[in-house]
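*Asks:* This structure is in structure tokens; I'll ask about it shortly.
The values are calculated or read from the model by the stated rules, or taken from the named source; none is laboratory data. Treat the numbers as computed from the prediction; the structure is a model and nothing was measured. Using ideal geometry, Cβ is built from the backbone for each residue, glycine included, and neighbour counts are taken over all protein chains shown. To get the accessible areas, we keep the full protein, side chains included, count just its heavy atoms, and leave off ligands, DNA and RNA. Shrake-Rupley method; radii C 1.70, N 1.55, O 1.52, S 1.80 Å.
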Amino acid sequence: MVYLNDYSLPLISGIIVALSSWLPISPEGYSVKLMFQSMDPLYKSYLVPAYLGILFAVLFHFREKIATGAQKAIRMSIDPDGKFVFYSSLFTVLIGYPVVVGLPEILSPKTADLINAILGLIIITAGFLMTRRLSVPLRDVNNRLRENEDEPTLIDSLVVGLAQGISLIGGISRSGLTLTVLLSTGASVKRALELSFLVAPVYLVMRLAFIESWDPDLPVALLFTAFLASFATSILTMNLLLRLAESLNRRAFLILFGSIAVIVYILGVIF
């Protein structure tokens, strides 16, 4: 029998996994794991439904774009975003599979948090330094390949696939790394977020395929609670980040976003 207080752990787990997946931290980092373990060591049982919630949230968020892209694909007229998803997903699998099979636990959670903090500092630095007049590493090359502004290119697909493949090591923030590499190609903050969200499903599927330590025998109501909490939190977080990227200037958003990783790392060191 499931009691009312039994729903607290899957509810909190779904929320935390979703937030730490979209912010520049990771559900498998030291600080987040420490938070989970302080609540209940059985939190890993809810990782699968929580990741599924994130996956379905992305599909729901981009449902119109996916439907339009599928229709164009049937007519053999794939738009730039569709090509970006295809090639970046392909690169993610080609790079990520050897990583997740051969190097599953090469980094400790503390080291992963440190790497995320360094990524956070890079994002903060980009916020201070990046202006329209300041050239970024791959912008000039990418601009030669673009037919229209903000159109993703093969370079975007390659660097995002590389970033997602590396993130499968575990503990490294997929969101932080993909945002960083997309900014390096000259994408605007909002466009970088959109592309990062759009290509997340292949990463989530691979994460689910190799996840360990979960209990499918738990009551369906508890598993669904984790799924629903993660789904709702993901929808809200994606929309909030996109609105902030639109309403805040580039510097303010990047400083705010990068600071999250640094603060989480410091909290992990303190506690």
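*Asks:* Is it fair to say L90 is surrounded by fewer than 21 Cβ atoms within 10 Å (Cβ to Cβ), at pLDDT 95 or above and within 16 Å of the chain's Cα centre (by Cα)?
*Replies:* Here the answer is no, as L90 does not meet what is asked.
*Asks:* Among the residues of the range 138-152, is there at least one that is of a type in the set (A, V, I, L, M), modelled with pLDDT of 80 or more and open to solvent by 70 Å² or more (accessible area, probe 1.4 Å)?
*Replies:* No - not one qualifying residue is present in the range 138-152.
*Asks:* Sticking with this one: Can you confirm whether the range 245-257 contains a residue that is part of a helix (DSSP H, G or I), open to solvent by less than 20 Å² (accessible area, probe 1.4 Å) and farther than 20 Å from I54 by Cβ?
*Replies:* Looking through the range 245-257, at least one residue is part of a helix (DSSP H, G or I), open to solvent by less than 20 Å² (accessible area, probe 1.4 Å) and farther than 20 Å from I54 by Cβ.
*Asks:* Check S196, S184 and return the single one that is of a type in the set (G, A, S), surrounded by fewer than 22 Cβ atoms within 10 Å (Cβ to Cβ) and on the phi < 0 side of the Ramachandran plot.
*Replies:* Step by step, each of S196, S184 is checked, and only S184 is of a type in the set (G, A, S), surrounded by fewer than 22 Cβ atoms within 10 Å (Cβ to Cβ) and on the phi < 0 side of the Ramachandran plot.
*Asks:* In the range 64-87, which residues are more than 17 Å from L198 (Cα to Cα) and of a type in the set (S, T, Y)?
*Replies:* S77
*Asks:* Still on this structure, I have one more. Being closer than 14 Å to P49 by Cβ, part of a helix (DSSP H, G or I) and over 21 Å from the mean Cα position of the chain (by Cα) narrows it down to one residue among L223, L204, L228; which is it?
*Replies:* Every option except L223 fails the conditions.
*Asks:* Hey, could you check the range 181-216 for residues that are hydroxyl-bearing (S, T, Y) and modelled with pLDDT under 95 and say which is nearest to K65 (Cα to Cα)?
*Replies:* Checking each candidate, the answer is S188.
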